[in-house]
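The values are calculated or read from the model by the stated rules, or taken from the named source; none is laboratory data. Please read all numbers here as calculations on a predicted model, not as lab measurements. Note that each Cβ is placed from the backbone with ideal geometry, even for glycine, and that neighbours are counted across all protein chains shown. When the accessible area is computed, the model is the full protein with side chains, heavy atoms only, and any ligands, DNA or RNA have been set aside. Shrake-Rupley method; radii C 1.70, N 1.55, O 1.52, S 1.80 Å.
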Amino acid sequence: MNIEQIQTHPFPDQRPGTSGLRKKVRVFQQDHYLENFVQSIFDTQPDLRGGTLVLGGDGRYHNREAIQTILRMAAANGIGRVLVGQGGILSTPAASCVIRKYRTQGGIILSASHNPGGPDGDFGIKFNTANGGPAPEKVTEAIYRRTREIDSYRITDDEGIDIDQAGTHTLGETTVEVIDPVRDYAALMRELFDFDAIHQLFNSGLFRMRFDAMHAVTGPYAVEILERILGAEPGTVINGEPKEDFGGGHPDPNLVHAHELVDLTHGFDPVDFGAASDGDGDRNMILGKEFFVTPSDSLAILAANAHRVPGYRNGIVGIARSMPTSQAADRVADALGIDCYETPTGWKFFGNLLDARRITLCGEESFGTGSDHVREKDGLWAVLFWLNLLAILQQPVATIVRDHWRRYGRNYYTRHDYEGVDKAAAEELIQQLRFSLQELPGQEFEGRIVDYADDFAYTDPVDGSVSANQGIRIGFRDGSRIVFRLSGTGTEGATLRVYLEAFEADPSRHDLEPAEVLAPLVRIADRVAGIRHRLGRERADVIT
Ligand code: G1P
Ligand code: ZN
């Protein structure tokens, strides 16, 4: 094996966004593009030299090539050992689990999450630190700074290794262990949940579920855990075969993209429980019979019932939710007498709170829920948590949710996304909102009076770091809220996200259509931000 030092030049666009560096596959296929970013990780993370790196991805197009490149670079950069998922596969939460379990120095995860894959789709790479979580901003910024000055990278000239062959391989001085991507994760789930109770539920003959893996990474995880270990009937997992282009679909578990699953919970002989996960396995959608659980409600319900589940039997110490997530969890935290933190969008902001044991559960409205068991959101974990509750409470999903609303009130919630809009126009819209912040408080819109309006800034209570400009919040005196922010994960133009929330304490008003309840807020959002006029869009592209 020879180590080559390859001359390169910096690319200007390698600043990681909400969740790592995400670009079109074709961008990653440019000579030196991936290599520059990987070398910048190695250059800024000295602990990896002689240490252990975890490596895997969601199996999308370009995953295998990228894995081989990274292995050859790891060998050339003196990484002691690499734990790579067989076939190059590791779901994001499984990667986090493996990083923590084997006390490694970090991991590289190849994924563009829920973005479409294939030659014309998206690809992504992110670095997770030794705690198993997405690198915090100071780390991603250091990597980015390195990408701006890089002039060479190191790579070996050999072929790489057979990543389909489990076991120990060597690449120069580096040991490469090809590991079962499911085993460690499944063992962790068994520690947290009452597998016997769930097994009985599946065997009762009274309960049927479907899990939609959307031809993405959770297929093998779900088949192993749900069907093989927990005894769910064969066929419980649909679209379980991972494909490089996700079968041409959009692996995002929401009502729009997972409609095949949604249909199975409706109509003739619907299933009792439906769930789906995304491209890399960190998101989840929860459905009951003809019933959709919003991710914000799901977080609140898991928090309120956590003591019923073995892994959380001693209670939870705190909750965190991203700022645009509904305030349903805050009400549970109040009742439990624990703290509820409001963080900027993105999982990386939960890491410090989890490490400092200030919180046990956390979640985002964007179909992300998780706990201190790993440092990523975790799709199958949320599904197993729900299954555990269903097994114990012996009630339909809808009953559990309605009971929750009766006790805590209902936070009607929706998100409107305007995708692929003109970037300059979207930035201008946010800028104009910033200018109007001062004059909004006290103004009345459709009978609602603005209580506060600000551009959300977060001071991390653990390390004191400040993250400013995290989204415009407009709060009304009746507890309703509108939030505006631009997506940090898109690869084309800009995406404006508008989050709408209204609180209803009266149980006789808990069965209204969310779209109807929130319609006035949609109108107010357009009025204060001038969405139609500035973006030239009559309505949102995706409503979740
Ligand atoms: C989106 C979600 C955010 C999530 C991220 C990664 O980011 O809104 O909650 O953490 O994907 O899954 P955005 O595109 O809004 O920046
Ligand atoms: Zn994801």
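Assorted remarks:
- Convex hull of segment 414-539 built on C-alpha atoms - directionally averaged projected area, nm²: 9.3
- Translational D in µm²/s for segment 324-369 (Stokes-Einstein at 4 °C, 1.567 mPa s, Kirkwood Rh from C-alpha pairs): 117
- Accessible surface for segment 424-544, divided over its residues, is 50 Å² per residue with a 1.4 Å probe.
- In this structure, the pairs whose alpha-carbon distance is over 31 Å, taken from Lys24/Lys348; Lys23/Lys289; Lys138/Lys243, are Lys23/Lys289; Lys138/Lys243.
- Cα-based shape type of segment 356-420, given that a ≥ b ≥ c are square roots of the gyration tensor eigenvalues and the cut on a/c is 1.5: oblate
- Counted residue by residue at 0.36 nm each, then reduced by the alpha carbon distance between them, the extension gain from Ala398 to Gln7 reaches 134.8 nm.
- Chymotrypsin sites (Phe, Trp or Tyr not before Pro) restricted to segment 203-276 and DSSP loop, no more than 16 other C-beta within 10 Å: Phe268
- Gyration tensor verdict on segment 1-51 (Cα atoms; rounded if a/c is under 1.5, prolate if a/b is larger than b/c, oblate otherwise): oblate
- Rounded is the label for segment 1-140, because a/c, from the alpha-carbon gyration tensor with a ≥ b ≥ c as root eigenvalues, stays below 1.5.
- C-alpha center-to-center spacing [segment 465-544, segment 249-327] in angstrom: 21
- Taken about its Cα centre, segment 8-68 carries a charge dipole of roughly 260 debye when the Cβ of each Lys and Arg holds +1 and the Cβ of each Asp and Glu holds -1.
- Dipole magnitude of segment 501-544, debye to nearest 20 (Cβ charges: Lys/Arg +1, Asp/Glu -1, about Cα centre): 440
- Selection from Trp405, Ile430, Thr459, by position along the positive dipole direction of segment 393-517 (Cβ): Trp405
- Projecting the Cα atoms of His510, Leu496, Ile543 onto the charge dipole of segment 483-544, computed from C-beta unit charges around the Cα centre, puts Leu496 farthest toward the positive end.
- Placing +1 on each Lys and Arg Cβ and -1 on each Asp and Glu Cβ, with no other charges, gives segment 228-326 a dipole about its Cα centre of roughly 640 debye.
- Translational diffusion of segment 238-344, µm² s⁻¹ [Kirkwood Rh, Cα pairs; Stokes-Einstein; 4 °C; 1.567 mPa s]: 83
- Working from Cα pairs under 8 Å separated by at least six residues, relative contact order for segment 204-273 is 39 percent.
- Sites listed here are trypsin sites (Lys or Arg not before Pro) in segment 1-108 whose DSSP assignment is loop and whose Cβ has at most 11 other Cβ atoms within 10 Å: Arg103.
- Counting every C-alpha pair in the chain, the share spaced more than 36 angstrom apart comes to 31%.
- Considering only Ser113, Gln165, Ile143, the residue lying farthest towards the positive end of the dipole of segment 99-206 is Ile143, judged by Cα position with unit charges set on Cβ.
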